[in-house]
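See below for the structure under consideration.
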Amino acid sequence: MSIAITGASGGLGRRVAEMLLDQVDPTQLVLLTRTPEALNGLEKRGAIVRKASFKNPTGLKADLADVDRLLLISTNEPGTRLEQQRQAVSIAAQAGVQHVVYTSMAQPSADNPSFLIPDHVATETALRESGMDWTFLRNNVYTEGLVPAGKAAVARGALLSNAGDGGTAYVTRADCARAAVAVLVTDGHEKEAYDITGPEALTQADLAALLTEISDRPVELESLGDDAYFDRLYDEGVEHEVADRMASFGEATRRGFLKKVSSDLPDLTGRPAVTVREVLERNRDVLQQA
Ligand SMILES: NC(=O)c1ccc[n+]([C@@H]2O[C@H](COP(=O)([O-])OP(=O)(O)OC[C@H]3O[C@@H](n4cnc5c(N)ncnc54)[C@H](OP(=O)(O)O)[C@@H]3O)[C@@H](O)[C@H]2O)c1
């Protein structure tokens, strides 16, 4: 069975590719990327590397002609990615792909106010209607993002948030990769939506306390309303659109869309999910040097 990964040079795609190379025949692994030169090392290990982009549908169809199972990684261009991803789904079906595994997001429902959600809802819908088998990996927020955000909070002495008491079940990118590999190499995941989460949901108050402890510097939680949070970010130089998006994310958190903790990840991978504390402690130096 041939497995392909789109976006194979990204943070997630590369990890999945490296793990798959230890588990499958490398000649059955197709890595699709806009930057093939970034994957020279994996090509040397036997993987097939092809230059591909959702912006080049004709090329994508040829690239997928011999592929049975596809990991379709959502792109990092919210707003413009939706039409590209819909088209990629349609091309995969035309090319004869049997099963698409898609990296979605926690709680992709119409009432979720996060700016990221509409693209995921529509891509999931396109897959349900495609005639192919599908699996959704609804990845929660990456824990790794807490390192630069935590560093900024330590430097400021305050963690700014409009998330109220909302919890987030942060999950590491490496755990997301392990879950993707499990779904790609084993059967029985057709028409399943998995909630890929960490082992607990942390509030921003929990996070401020952890940052204080690990950095050994005081980090106060500064809890703001949506408008005040937006204004504060904007005043600190964050672009209007980015501040608006961050506020929508905080609102989604406050309203509970990111708090669900699931056993899907350990069930799929056979190992416990990594905690936020482990990641922050691994980055103690970064936080203490803020
Ligand atoms: N859960 C979270 O907290 C979180 C955080 C950040 C992102 N995400 C989502 O998860 C995805 C994977 O995470 P990541 O850490 O790997 O992100 P990343 O390192 O920023 O990688 C971006 C990905 O987008 C792909 N891409 C961009 N434009 C593309 C195009 N025109 N056609 C096909 N692929 C395109 C890239 O592929 P190539 O460069 O190889 O072509 C790469 O795989 C992100 O793209 C984003 O949708 C989730």
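Here, each number is a calculation from the coordinates, and none is a lab measurement. This is a predicted model, so every value here is computed, not measured. So basically every Cβ, Gly included, is an ideal-geometry build from the backbone, and we count neighbours across all protein chains shown.
Run lengths n ≥ 4 of DSSP H only: what is the helix-derived mean residue ellipticity at 222 nm for the chain, with -39500 (n - 2.57) per run over all residues, to the nearest 500?
-13000 deg cm²/dmol
Dipole magnitude of the range 3-139 about its Cα centre, charges +1 at Lys/Arg Cβ and -1 at Asp/Glu Cβ only, in debye to the nearest 20?
Result for the range 3-139 is approximately 280 debye, rounded to the nearest 20.
Among LYS44, LYS61, LYS260, which one moves the most in a GNM of the chain with springs linking Cα atoms closer than 10 Å?
Maximum fluctuation in the GNM of the chain, among the listed residues, is at LYS44.
For the range 189-230, what is Rg from Cα atoms divided by 2.2 N^0.38 Å, rounded to two decimals?
In units of the 2.2 N^0.38 Å rule of thumb, it is 1.78.
Sort SER223, SER90, SER74 so the one with the fewest other Cβ atoms within 10 Å of its own Cβ comes first.
Ranking SER223, SER90, SER74 by Cβ neighbours within 10 Å, fewest first, gives SER90, SER223, SER74.
State to the nearest 20 debye the size of the charge dipole of the chain about its Cα centre, where the only charges are +1 on K and R beta carbons and -1 on D and E beta carbons.
The dipole magnitude comes to about 740 debye.
Arrange SER53, SER109 by Cβ neighbour counts within 10 Å, fewest through most, would you?
Least crowded to most crowded, the residues run SER109, SER53.
Which one, PRO272, GLY59, LEU82, projects farthest toward the positive side of the charge dipole computed for the chain from Cβ point charges (K/R +1, D/E -1)?
Checked the options; the winner is GLY59.
At 4 °C and 1.567 mPa s, what whole-number value in µm²/s does Stokes-Einstein give for the translational diffusion of the range 3-139, with Rh from the Kirkwood sum over Cα pairs? Walk me through the intermediate numbers first.
Working: Rh = 15.0 Å.
This corresponds to a translational diffusion coefficient of 87 µm²/s.
Using the Karplus curve 6.51 cos²θ - 1.76 cosθ + 1.60 with θ = phi - 60°, what ³J(HN,Hα) values do you get for each residue of the range 61-77, in whole Hz, with x for Gly and Pro?
4, 5, 5, 9, 4, 9, 9, 9, 10, 10, 8, 9, 8, 4, 7, 9, 10
Mind giving me the FRET efficiency for ASP111 and GLU190? R0 is 35 Å, r the Cβ-Cβ distance, nearest 0.05 is fine.
Calculated transfer efficiency: 0.80.
Just for the Cα atoms in the chain, what are the lengths along the principal axes, largest first, rounded to whole Å?
Dimensions of the chain along the principal axes of its Cα atoms: 55, 35, 34 Å.
Please report how far the C-alpha centroid of the range 1-51 lies from that of the range 75-95, rounded to the nearest whole angstrom.
When both Cα centres are located, 20 Å separates them.
Where the Cα atoms of the range 153-290 are projected onto their three principal axes, how long is each span, largest first, in whole Å?
So the three principal-axis extents are 51, 31, 24 Å.
Identify which of TYR234, TYR102, TYR142 has the largest mean-square fluctuation in a Gaussian network model of the chain, with springs joining Cα atoms closer than 10 Å.
TYR234
Give me the count of lysine pairs in the chain whose alpha carbons sit under 25 angstrom apart, restricted to pairs 8 or more positions apart or on different chains.
6
Can you put GLU239, GLU18 in order of Cβ neighbours within 10 angstrom, beginning with the fewest?
Fewest to most other Cβ atoms nearby, the residues stand as GLU239, GLU18.
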